[in-house]
Each structure stands twice: as structure tokens, then as C-alpha cells.
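Worksheet for the structure shown next.
The values are calculated or read from the model by the stated rules, or taken from the named source; none is laboratory data. Nothing here was measured: the structure is a model prediction, and the numbers come from that model. Cβ coordinates were reconstructed from backbone atoms using ideal geometry, including for glycine residues, and neighbour counts include every protein chain displayed. The accessibility values were calculated without ligands, DNA or RNA, using every heavy atom of the protein model including side chains. Shrake-Rupley method; radii C 1.70, N 1.55, O 1.52, S 1.80 Å.
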Amino acid sequence: MGSLDTYFALVEQNKQEFVERLREVVAIPSVSGDASKRGEVIRMGEWLQAKWEELGATCKRVEPGKQNLDGEILDLPPVILGQYGNDPSKKTVLVYGHYDVQPALVSDGWESDPFTLVEKEDGRLVGRGSTDDKGPVLGWLLCAETHKQAGIEFPVNLKFCFEGMEESGSEGLDDIIIAEADGWFKGTDVVCISDNYWLGKSRPCLTHGLRGVSYFHLIVEGPGADLHSGVFGGTVHEPMVDLVHLLSRLVDNKGRIQVPGIYDQVMAVTDAEEETYESVEFSHEALVADLKNDVLIHDNERDTLKHRWRYPTLSIHGVEGAFHASGDKTVIPAKVRGKFSLRTVPNMEPRKVAELVTKFLDDEFAKLGSKNRMQVVETHGGRWWYSSPDHPNFVAGARAVERVFGVKPDLTREGGSIPVTLTFEENVKANVLLLPMGAADDGAHSINEKVDKRNYIEGIKLFGAYLHEIAATDL
């Protein structure tokens with residue numbers, strides 16, 4: 001491990017320079033959801049390609065096609081594929097990340113210009129994209145650069161896939177991964193993604209599970225036009241009344257889904273899983289502080305984590321078609337659309353979930369005896385992902401964490417979804433490790449997004465340690 005010590009020392013020596021490099025990429029406002037910023041997104045992708053090619057990597061720029069954004073036909077940002085090293089005696093690691101960011105304006109409540117990185121006295125590096133996902137994406141480049149600067153042989157062949165549409169649905173990415181599975185990605189031994197966060201603020205984690213999401217629109221329509229409640233109230237079946245009733249039947253105020261059969265597919269809790277909750281860095285006190293109010297359902301941390309990670313949940317998101325402006329308006333909407341989603345877990349099948357939800361709502365609507373029309377539409381059925389933390393890829397990640405931070409990592413699952421994880425696993429046929437750089441309080445999609453300087457610098461060390469551990473691991 002002598003070469004790693006040299007690598008760590010050089011990362012420490014270069015840490016202020018690495019902050020300036022992060023400042024450089026944060027300054028590129030690569031907001032994929034803003035048509036006026038599409039050129040900046042493309043510029044960010046070109047910046048990455050140029051830097052890797054300067055280092056000696058072979059890159060391939062793939063154009064995903066066109067997009068209609070707010071009525072404007074735009075080029076989708078390029079997917080940058082690359083390979084650094086091609087030694088058949090070495091293992092091959094594929095890393096994924098995204099170079100686009102969420103929108104950000106000072107008027108949203110930022111303390112400073114979102115696209116000017118600010119280094120705070122407490123170590124926060126504040127700027128849009130600092131943690132999601134420019135810090136980690138840049139980290140892989142700096143890892144390779146530092147090895148070269150130190151004269152250390154790079155331990156693996158590194159392939160990468162960097163996209164510019166993750167914050168806007170990753171349009172076109174799945175098709176590229178599928179097309180390149182036996183092409184550019186052929187020979188991949190393991191995959192590593194750094195696009196999530198530690199469970200807490202001080203202890204690193206490895207993430208081995210993500211929930212899926214099934215999204216539904218519940219549509220109720222009746223009269224041919226909106227009606228005056230003073231004239232028609234009490235004389236017609238009101239779509240909004242039916243919709244509110246149906247939405248209220250889906251889930252109780254303790255978070256328990258009321259759809260019969262929905263829990264029958266859920267993977268049972270094992271003794272080994274129970275042990276993973278024993279020592280994770282997570283407290284209700286910290287969570288309540290982040291929430292700014294104690295609105296927690298469960299009495300203990302273990303139950304809260306289980307309902308975030310490994311049990312399905314149902315959330316109601318909103319209603320279209322109803323009056324929502326300020327002031328008072330006595331209207332009966334003619335057609336309303338309620339939106340809700342289920343977060344799914346092993347071993348739930350999206351098709352079965354849709355069948356159960358639709359049958360339940362059909363049955364509940366029939367009980368109303370309403371003359372309105374009701375329709376359930378599933379708009380998205382993304383699947384969950386689960387991997388064993390005993391896989392050699394995770395064992396290598398755990399050893400790297402201990403090498404850099406001196407502690408065993410928390411083994412976590414995420415309540416949200418990263419669909420590309422499953423796309424890589426199923427098509428590239430390689431195990432996927434989620435190896436986060438950022439902490440739980442980074443505020444990735446919020447105002448004043450930050451990455452702590454400690455996380456950023458130690459994260460670059462972690463990436464190097466992980467690659468060395470993979471090189472020494474029997475896969």
C-alpha cells in the first residue's frame with residue numbers, strides 16, 4: 001500500500017488546487033432543464049472530454065438525439081464515453097456520473113451566486129453541482145491525474161460514462177447503454193456510481209439498494225364544463241369530491257398503504273439485515289432538526305429506516321384541474337387529475353402493483369355510485385434495485401473506506417431511485433456499487449448546495465483506494 005500513501009500525500013498537497021478545479025466546473029451553469037442553458041450543458045460535456053483526452057484517455061462522444069423543450073427543438077447533451085488504460089492483465093472498472101445540474105437563482109434564497117463556488121470558514125464548498133454531481137465526476141479525473149503526477153501505475157482500466165441529462169430524465173441514456181453493452185462497455189468487471197450521499201454527516205457508507213417508483217394519474221371527469229357551485233352544488237356528482245374520497249382511501253395517516261395485497265410481494269426481513277441497523281449513523285434528533293419540525297411517524301430510528309429503505313410507501317403529490325390561485329372561487333371543476341406514486345421494494349413487480357392499485361380504485365369508485373367517469377393511468381413503472389453487500393465489489397469498497405477514514409462504512413439502502421443502476425447491471429452484466437462522496441446535509445437539489453471540503457478531498461482519496469482494492473480483489 002506504499003503507492004497509496006504517496007497518492008494520499010499528493011492529494012493533500014493539491015487540495016487547494018482541487019478546490020479551484022471544482023470552482024471552474026461549478027462556474028459552468030449546465031442546467032439541463034433550461035433551454036437557454038443547453039449550450040452550457042454541452043460546453044460542460046466538452047470540457048470533460050477535453051480534460052480526459054489531455055490525460056491520455058480515449059473518448060467517444062455519443063449524440064442521444066433531439067428534444068422538444070418548451071416548444072424549442074434542442075440537441076440533447078452528449079454522453080461522453082471514455083477509457084483510460086487498456087491492459088488485459090488488469091481489471092476494468094466502469095464509473096458513471098452526470099455533469100448537468102438543477103436550476104438555481106439567487107432569488108430562490110441562495111446566500112451567494114449559485115454558480116460561483118464559495119469556500120466557507122466551516123469547510124463548506126457552496127455552489128450548484130458541488131455535490132450533485134460535479135464534485136464526484138471531477139473526483140475521478142483528479143484521481144487519475146494524481147496517479148500520473150505521482151508516477152504511480154494506474155491500478156485498473158477505467159471506463160467512464162458521463163451524461164448531461166440526469167436532472168431531466170436521462171433522455172436517450174438507456175438506449176446508449178444497451179447499444180454499447182457489447183461494444184464500449186464490453187469487458188467491464190464492476191461498476192461504481194457516486195451520485196448519492198452518506199446517511200449522516202460523519203461516517204461514510206456503501207449503498208446496496210434503491211427503491212423503485214410507480215407513478216399514477218387518477219382522473220375523474222363529469223360535466224362538460226366547470227359549474228357554478230351556487231347553481232349546481234348538491235345537484236350533480238362532483239368530480240373533485242369523488243377524487244378526494246378515492247385519494248383518501250389509498251393510504252392512512254400512519255403511512256400504511258390500504259391497497260389489498262400490496263405487501264404480499266415484499267421481501268421478508270432477515271436476521272442479517274436486522275444487524276445492519278445496529279450501528280448506522282442516524283438519529284431522530286438530527287432528522288427532526290433537518291425537517292424543522294417533529295412530524296415523524298415512527299418512535300425509533302430502526303422503524304424509520306425500514307420505512308425509508310425496505311418497505312413500500314405511497315405519497316399523494318397533487319391535483320390538476322382544481323382551483324388553486326389566491327382568493328375565493330366557487331367553481332365545481334369538470335375534470336380533475338390526482339397524482340400519486342408508490343415507492344416499490346424487493347420483490348415487488350411493477351405490473352402487479354399497477355394491477356392491484358387499479359382494481360382497488362375501480363372497486364372503491366364503484367362503491368360511490370357516482371355517475372362520473374374514473375380512469376387510472378400508470379405513467380411510470382421504474383423497478384427497485386438490490387445487491388448483496390457481501391459481493392467482492394462491496395468488500396473492496398468497504399476496505400477502501402477503512403483505509404481512508406479508519407472506520408467501517410454504514411451499509412445503507414436509499415428511499416429514492418437511480419434508474420441507471422439497474423440499466424447498467426442488467427445490460428453490462430456487472431455488479432454495481434454506490435460509493436457516495438457527499439454527506440446527508442449537502443442539499444443537492446436545494447438552495448446553498450454544498451460539499452464539505454473534507455468529503456471532497458477524502459472522497460478523491462477514497463476513489464483511488466477503491467480502485468487499488470479492486471485491483472487486488474478476486475472477482
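Okay, here's what the table says:
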| item | result |
| --- | --- |
| Segment 265-287-segment 9-73 distance, computed between alpha-carbon centres (Å) | 37 Å |
| Separation between Cα centres of segment 316-388 and segment 127-159, rounded to whole Å | 43 Å |
| Tally of Lys pairs whose C-alpha atoms are under 28 Å apart, taken over segment 289-402, 8 or more apart or cross-chain | 18 |
| 12 Å beta-carbon shell around S341, net charge (K/R +1, D/E -1) | +2 |
| Three-way shape call for the chain based on the alpha-carbon gyration tensor, with the a/c threshold at 1.5 | prolate |
| Candidate residues W384, W52: accessible-area rank, largest first, probe 1.4 Å | W384, W52 |
| ³J(HN,Hα), Karplus 6.51/-1.76/1.60, whole Hz, each residue of segment 285-299, x for Gly, Pro | 4, 5, 5, 4, 4, 5, 6, 6, 5, 8, 10, 6, 7, 9, 8 |
| Amide H contacts under 5 Å for V213, placed H, 5+ residues apart | T344, G382, R383 |
| Normalised contact order of segment 272-431, rounded percent, pairs of Cα under 8 Å and 6 or more residues apart | 22 percent |
| Relative contact order (%) - criterion: Cα under 8 Å, at least six apart; region: segment 94-176 | 41 percent |
| Accessible area per residue, Å², the chain with all protein chains present, probe 1.4 Å | 43 Å² |
| Per-residue HN-Hα couplings for segment 226-240 [Karplus 6.51, -1.76, 1.60; θ = phi - 60°; Hz; x = Gly/Pro] | 4, 10, 7, 5, x, 8, 10, x, x, 10, 10, 6, 8, x, 5 |
| Sulfur and carbon atoms: percent of accessible area, the chain [1.4 Å] | 48 percent |
| Size of charge dipole - segment 114-257 - debye, nearest 20, with Cβ of Lys, Arg +1 and Asp, Glu -1, no other charges | 680 debye |
| Lysines whose Cα lies under 25 Å from that of K429, excluding same-chain neighbours fewer than 8 positions away | K60, K90, K91, K159, K186 |
